[in-house]
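Heads up, the thing below is written out as structure tokens.
Nothing in this text is a laboratory measurement; each read-out follows from the coordinates by a stated rule. What you are looking at is a predicted structure, and each value in this text was computed from that prediction instead of being measured. A quick note on method: Cβ atoms are made from the backbone with ideal geometry, for glycine too, and the neighbour counts reach across all protein chains shown.
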Amino acid sequence: MRMSLIVASGLSLVLTGCGSAEVEADAPPRLEEAGPDECGVAENAGLVGEPVSAFNEAAWPNPVRIIPPGGIVTTEYNPKRLNIDLNSRNEIVRFWCG
């Protein structure tokens, strides 16, 4: 019993580094979004609602993370990484740094 509790506790700690990337339509801004735009959110804002293929990832100088609905993402913060949330039709829902 005690060993099961220790294993379960350890597993929960390992899994806290990942989270689901579900985006609600009226989702509040993430904490990362409150800071300066170091990753290019403003530069790409016009692509919201467009298919992800409209974004040229190969031409982007900084790291990019494309997140499908329900995708799992790690929680480490990189202010220069551009995150792109997609909907079920592979359209861009929002950009955010992190």
Legend entry - Compactness of the stretch 31-96 as Cα Rg over 2.2 N^0.38 Å, two decimals: 1.04
Legend entry - Which of Ile66, Ile72, Ile84 has the fewest Cβ neighbours within 10 Å, and the rest in rising order: Ile72, Ile66, Ile84
Legend entry - In the stretch 57-98, the chymotrypsin sites (Phe, Trp or Tyr not before Pro) that fall in loop regions by DSSP, at most 12 other Cβ within 10 Å: Tyr77
Inset, instruction - Just flag the GluC sites (Glu not before Pro) in the stretch 57-98 sitting in loop per DSSP whose Cβ has no more than 14 other Cβ atoms within 10 Å. - result: Glu76
Inset, instruction - Using the number of other C-beta atoms within 10 angstrom as an exposure proxy, rank Asp85, Asp37 with the fewest first. - result: Asp37, Asp85
